[in-house]
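Encoded as structure tokens, the structure appears first; notes follow it.
The values are calculated or read from the model by the stated rules, or taken from the named source; none is laboratory data. None of these values were measured; they are calculated from a predicted model. All Cβ positions, glycine included, derive from the backbone under ideal geometry; neighbour counts span all protein chains shown. Each accessible area value is taken on the protein alone, full model and side chains, heavy atoms only, with ligands, DNA and RNA left out. Shrake-Rupley method; radii C 1.70, N 1.55, O 1.52, S 1.80 Å.
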Amino acid sequence: ELRGVVALDGPSGTGKSSAARRLAATLGARYLDTGAMYRAATLAVLRAGVDLSDQAGIAEAAAAARVVQGTNPDHSTTHLDGEDVGAEIRGPEVTLAVSPVSAVPAVRERLVAEQRRIIAAALEEAGGIVVEGRDIGTAVVPDAPLKVYLTADAEARAQRRAKQDSASGRESTVDATLADVQRRDAYDSTRAVSPLRAADDAVVLDTTALDLPGTLAALLDLVDDHG
Ligand code: C5P
């Protein structure tokens, strides 16, 4: 059983989401997918027809959006203004726009406050929560007892993402996915507020050669070590 927070950060395609979900389910803990919250806010911005260079417009549209993120590791749900948007936020339009929207400080302020509220409630009710994102160990929960930063070669990450896309019926090629993964990494790691980086006290786990069971086993070992 997990007490407290496990912070899981890293770029996309490292197997982070699947591993985080399985880790939480195995430990009887809650699970928070913060990327889904940024994606839902991005969908709200796109629906409002705001130009992606209009920071104030983005902040306003995101502030008006009601994003509700569930914490069940077996059934993670995302609602935008009462509508289940779990599938739509994985589509190409949102994926293309999510990094610029996430870079707007007012958007992050709102969502980080909501994430901290969800985490506090989960700790009270369940005792433990696995939180995955880009800035969990550095900004959202800097005092998390266990922080893990997942990495993997860009090629391996693109292959994983392309496989996930085709499994969910979205068309993509490894080349196009590699370009998308690299574009988002570059954007996320160079933004001014809470850029993607490993916290100084994070354990770095390279998943290039690991499958999901291997990644899960490595994470469970780390939880044991830090319990
Ligand atoms: O994890 P996922 O790929 O769904 O995240 C989508 C995007 O949301 C990331 O590329 C990043 O721009 C943003 N994000 C963020 N901070 C987080 C989680 C996600 O900026 N904690």
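Extension gain for the segment Ala113 to Arg3, taken as residue separation times 0.36 nm less the Cα-Cα distance, is 37.5 nm to one decimal.
In terms of its Cα atoms, the chain spans 48, 41, 32 Å along the principal axes, sorted from long to short. Note: relative contact order over the stretch 133-182, using C-alpha pairs below 8 Å and six or more positions apart, is 31 percent. Ordering of 58-68, 145-155 by packing is 145-155, 58-68, highest average first (other Cβ atoms within 10 Å, averaged per residue). Normalising the average separation of contacting C-alpha pairs (under 8 angstrom, six or more residues apart) by the number of residues puts the relative contact order of the chain at 33 percent.
Computed over protein heavy atoms with a 1.4 Å probe, the accessible surface of the chain works out to 46 Å² per residue. Projected onto planes of every orientation and averaged, the convex hull of the alpha-carbon atoms in the stretch 79-136 covers 4.9 nm².
Between Arg197 and Ser18, how high is the FRET efficiency from 1/(1 + (r/R0)^6) when r is the Cβ-Cβ distance and R₀ = 35 Å? Nearest 0.05.
On the way: r = 22 Å, r/R0 = 0.64.
With a Förster radius of 35 Å, E is 0.95.
How much length would be gained if the chain were fully extended between Thr190 and Thr77, taking 0.36 nm per residue of separation minus their Cα-Cα distance, in nm to one decimal?
Details: separation 113, 0.36 × 113 = 40.68 nm, distance 2.94 nm.
Value of the extension gain: 37.7 nm.
Given N residues in the stretch 3-138, what is Rg(Cα) / (2.2 N^0.38 Å)?
Values: Rg = 14.4 Å, N = 136, 2.2 N^0.38 = 14.2 Å.
My calculation over the Cα atoms of the stretch 3-138 gives 1.01.
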